[in-house]
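Since the structure comes first, as structure tokens, the remarks are kept for the end.
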Amino acid sequence: MPKMRLNIVTPEKVVYDNEIERVTVRTIDGDRGIMPEHIPLITGLDIGAIRIKEDNEEQILAATKGYMEVRPEETIILVDSAEFADKIDVERAEAAKKRAEDRLGSKTENINEKRAELALQRALNRLKVTKGNNFE
């Protein structure tokens, strides 16, 4: 099966750099699967899972918003953060979820509702990835 290079990069480090068979990401327009020889594309990414198929095995990462550039032989994903499912601290993600829910439920004037909603989305995404849940 043909392969392509996948690079996943955050401001801190290169999270992933290898030859793969397929990657599926959550774009701003919905989920999109990318395979070798894909037409060139640049798109925004939403909070969601990155699913990598490499040597008939799947790896899943939780990712935040960012951008993706696709070329026939290479895909580059630039995100604020990306974590492999087995590296996510579940207790920390649960605590972040609870804090965000508490902020949203408090209805005080000094709460940035959009920021709390994004924090909740990130925490829920991290928890779904750890459980291997399907992403609608």
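Structural remarks
- Over 23 Å between alpha carbons, listed pairs LYS87/LYS114; LYS13/LYS87; LYS13/LYS114: LYS87/LYS114; LYS13/LYS114
- Taking every DSSP helix (H) stretch of at least 4 residues in the chain, weighting each as -39,500 (n - 2.57) and dividing the sum by the residue count yields a mean residue ellipticity at 222 nm of -9000 deg cm²/dmol.
- Axis angle, to the nearest 10 degrees, between helix 113-131 and the longest C-alpha principal axis of the chain: 50 degrees.
- A Stokes-Einstein calculation at 4 °C with viscosity 1.567 mPa s, built on the Kirkwood radius of segment 3-104 over Cα pairs, returns a diffusion coefficient of 91 µm²/s.
- For LYS3, the aspartates and glutamates whose Cα comes closer than 18 Å to its Cα, not counting residues fewer than 8 places off in the same chain, are ASP17, GLU19, GLU21, GLU37, GLU54, ASP55, GLU57, GLU58, GLU69, GLU73, GLU74.
- In this calculation the C-beta distance from GLU12 to ALA95 is compared with R0 = 25 Å, giving a FRET efficiency of 0.70.
- Euclidean distance of C-alpha centroids, segment 82-114 and segment 12-27, integer Å: 25
- For segment 4-58, alpha-carbon Rg relative to the globular expectation (2.2 N^0.38 Å, N residues): 1.12
- If you wrap the tightest convex hull around every Cα atom of segment 87-131 and split its volume per residue, you get 57 Å³.
None of the figures in this text is laboratory data; all of them are computed from the coordinates on show. Small disclaimer: the values here were computed from a predicted structure and weren't measured. Positions of Cβ are backbone-derived with ideal geometry, glycine not excepted, and every protein chain shown enters the neighbour counts.
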